[in-house]
Structures are given as structure tokens and as C-alpha cells.
Amino acid sequence: MMRPIHLLATILAFVSIPAAAQDSSRKFPLAKPFKVISISGFDVQKAGMTFTVAPGAQGGNLTDNGSAGCNTWTASVLLREEQIEFTNIVTTRKLCPKPRMTSEEEFLTTLKSAQRWRIDDKGRLIVEGEAARLLFTAAAGDKPSPKK
């Protein structure tokens, strides 16, 4: 009698591992619009950079899109627990004044090098990478819950 119960417990443990891995990316605030408020401490709130990660049209794949300040952009997103990676980043090709283009380039470079994400105690999204650190706040009344 003990043997089937032991076997059942082992099977349930292995079945729950993939589910736990999938749940880790669900902690990320999906389909919530954010705006960039700083790049490595430099205030860029007026630049109009936005960010929204959501499930893509093909189902489980995640995509991100928004405004880089001058141009719109889109990318594929890979989430693994607190790791994040942006791939296949594409933008429109408008030309804007140099300060805006410089901010846009820094934003996109940071996305390309992004490695980690977290929600701080004020409910702000932080994305960090080799190039810089992006600080986001919820846009238009959407507020993510602070991480516990």
C-alpha cells in the first residue's frame, strides 16, 4: 500500500516542476503599460518611452512593444524567473532631434543587454543589464503590486 502512495507523490512532484517554472514568469506584470522614468538615474520622463509585455498573437510567446521616444518598437521577450531577455528588437525609422535620438538609443541598447527584472518596494519595474538600468512606473493608473 505504501508503494503506490509513494509513487503518486513522486509523480506529482515531477509534474509540478514545469508548472512552477511557468508560474515564475507570471509574476512579471504582463499586459500592464509602463513608462520609463529613468535610465541609470537620468530623468527621461518627458521622453515618452513606453513598455508593455504581453502574450503574442501566436499564443505563449511574449512580445513587448511601445515607444522609444521618437520611434515605436517591438521585440520578443524571454522570461525565466527574474531573468529577462529581449530579442528581435525592431523599430520604425523616424528621425528626431538629437537629444531625443540619444535617449532612444540608450533605451534600446539597455533593452538589448537586459538580464534581470524586479519590482521594487514602491511598485516600480526595474530592468537591469550590462549597459544600464531602466526604471519604469505604471502608466495611466495601472499600478503593479510591490514584490513581497
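The numbers here are math on the coordinates, done by the rules we state, and not lab data. Not measured: the values here are computed from a predicted model. Neighbour counts are summed over all protein chains in view; Cβ atoms, including those assigned to glycine, are modelled from backbone coordinates with ideal geometry.
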Label point distance in nm, residue 130-residue 81, each placed 7 Å from Cα along Cα→Cβ: 2.2
So the label point goes 7 Å from the Cα of residue 42 along Cα→C-beta, right? Which residues of region 69-107 then have their backbone N under 16 Å from it? 69-70, 97-107
Residue 69: net charge of surrounding residues, Cβ under 15 Å, Lys/Arg +1, Asp/Glu -1, itself excluded? +2
Note on region 29-138: contact order normalised by length, alpha-carbon pairs under 8 Å, 6 or more apart, percent, works out to 25
Which of the peptides 67-76, 41-50 is most tightly packed, and how do the rest follow, judged by the mean count of other Cβ atoms within 10 Å per residue? 67-76, 41-50
Taking every eigenvalue of the Cα gyration tensor of region 33-112, multiplying by 5 and rooting it, what semi-axes result, largest first, whole Å? 22, 14, 10
Sorted by packing (mean other beta-carbon atoms within 10 Å per residue), highest first, where do 122-133, 83-94 land? 122-133, 83-94
